[in-house]
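Notes follow the structure.
The values are calculated or read from the model by the stated rules, or taken from the named source; none is laboratory data. Since the model is a prediction, treat every value here as computed from it, not as a measurement. When we count neighbours, we look across all protein chains shown, and the Cβ atoms used for this are built from the backbone with ideal geometry, even at glycine. Side chains included, ligands, DNA and RNA excluded: accessible areas come from the protein's heavy atoms. Shrake-Rupley method; radii C 1.70, N 1.55, O 1.52, S 1.80 Å.
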Amino acid sequence: MAKHPTMEHLRIHPEVQQAMSDGSPVVLLETAVTTRGLPRSGWTWQGRDAISDLDPDWNLEGPVNLELATAMSRCVRREGATPATVAIMDGQWHIGLEMERLVRLAGDETAGKASITSIAAALQSGASAGTTVSGALIAASLMKRIVGQAPLVLATGGIGGVHFGWSRQPDVSADLKVMADTPVIVVSAGVKSIVDVVATREWLETLGVPVMGLGTEDFPCFITGVDENAPGVLKVDSESDAARIASLHWNTVDPNGGLLLAVPLDPSAVLDADLVRNANDEAEASATAAGVDGPDRTPHLLSHMAKNTDGRSLIANIQLLLANAKVAARLAGSLASEVS
């Protein structure tokens, strides 16, 4: 008899499994930012003091992608929750990574990123890959089926969305549909700066994804602050308010749907939208001229944007990721109290 495919390809870290069984707060962390989002080199830009202020334990000589992954886990633990870093390694799901595996994943230049459309191929081939938001949400669904129905929270930077020019060539991230179909709260700084914010907000509405804003009625837009042109979001004043709304949504509206809690970047770190747009355009032109494409393009773009903004774009990216991890941990704690 063939093995149950879920059990054969899924490894849940004992700490995560115990927390789920106990009903303790758990925060999922995606890893596409580790494998294809941030540089594998030490800090070479301006702003070293700013990074040390964000996390005194950050090793500025260590790879940025690894330091960020470990810093997010520390943030989650400091807020009383268990981090569950999600990745595919050697053709197997891993929910919760020991440091040894995280170091190996961060240093693996062949590791790509896996979303809902490429996960099965990565598992079949025995590859390693970081998970996108949609990939991490798929892992959450698998874990719920095996361990239990405890509420889960996913922390990320910015979700994917509807790309510009969508009316001519539809380009909509799989993140949106998977969010709509998975009972997990995603905590992000809104959507990535490279997408059409207004169109993305409308798609979330069409898909039935409630969008809450922590302390804001405007839709956060990654490192450029909030977008006042996008349809408004439901303002919540605290993580406990968001937890109560989520609980009511699952119990009385849609037990299988996801929610988004959008957290605006601290105003002191917000970059001017024109600066980000120009830096992104220059980075895109550089990547095209150098023939950089596929999974190598994102780290190339981020590296060039950091250089073109004197490191400010990378600092803002790191700041919002750490802030989202803290919010997600507090939200997970509130959710655990709601169901206890």
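Things worth noting here:
- Take every pair of alpha-carbon atoms less than 8 Å apart whose residues are at least six positions apart; their mean separation over the length of the chain yields a relative contact order of 21 percent.
- Since only Val276, Trp203, Thr252 are under comparison, the one whose Cα sits farthest along the positive direction of the charge dipole of the stretch 189-290, derived from C-beta charges on Lys, Arg, Asp and Glu, is Thr252.
- Once the C-beta distance of Val292 and Leu248 is scaled by a Förster radius of 56 Å, the resulting FRET efficiency is 0.75 to the nearest 0.05.
- Label corresponding to Rg and Dmax of the Cα atoms in Å when calculated from the structure given, among (i) 18.7, 60; (ii) 24.0, 85; (iii) 22.8, 79: (i)
- Residue among Trp45, Leu28, Ser167 farthest towards the positive dipole end of the chain, charges placed on Cβ: Leu28
- Accessible carbon and sulfur surface of the stretch 126-235 relative to its total accessible area, %, 1.4 Å: 50 percent
- Neighbours of Leu105 by Cβ distance under 15 Å: Lys/Arg scored +1, Asp/Glu scored -1, total -1.
- DSSP bridge orientation in the stretch 1-152 - percent antiparallel, rounded to nearest 5: 40 percent
- The stretch 166-221 gives an Rg/Rh value of 0.94, both radii derived from C-alpha positions and Rh following Kirkwood.
- Of all DSSP beta bridges confined to the chain, the antiparallel ones make up roughly 25%.
- Helical runs (DSSP H, four residues minimum) scored at -39500 (n - 2.57) apiece and divided by the length of the chain put the mean residue ellipticity at 222 nm at -14500 deg cm²/dmol.
- In the chain, lysine pairs closer than 26 Å at Cα, eight or more apart or cross-chain: 15
- Share, in percent, of DSSP beta bridges within the stretch 159-301 that are antiparallel, nearest 5: 25 percent
- Net charge of the neighbourhood of Leu54, taken over other residues with C-beta under 12 Å away and scored Lys/Arg +1, Asp/Glu -1, is -3.
- Listed residues Val187, Val172, Val27, most fluctuating in the chain (Gaussian network, C-alpha, under 10 Å): Val172
- Within the listed set Arg11, Arg104, Arg36, the Gaussian network model of the chain (springs between alpha-carbon atoms below 10 Å) gives the highest mean-square fluctuation for Arg104.
- For the stretch 169-276, the relative contact order is 37 percent, taking Cα pairs closer than 8 Å that sit 6 or more residues apart in sequence and dividing their mean separation by the residue count.
- Å² of accessible area per residue within the chain, as computed with a 1.4 Å probe and no ligands counted: 43 Å²
- Within a Gaussian network of the chain (alpha carbon springs, distance under 10 Å), most fluctuating of Ser128, Ser268, Ser115: Ser268
- Near Pro220, once Lys and Arg are set to +1 and Asp and Glu to -1 for all other residues with Cβ below 14 Å from its Cβ, the sum equals -2.
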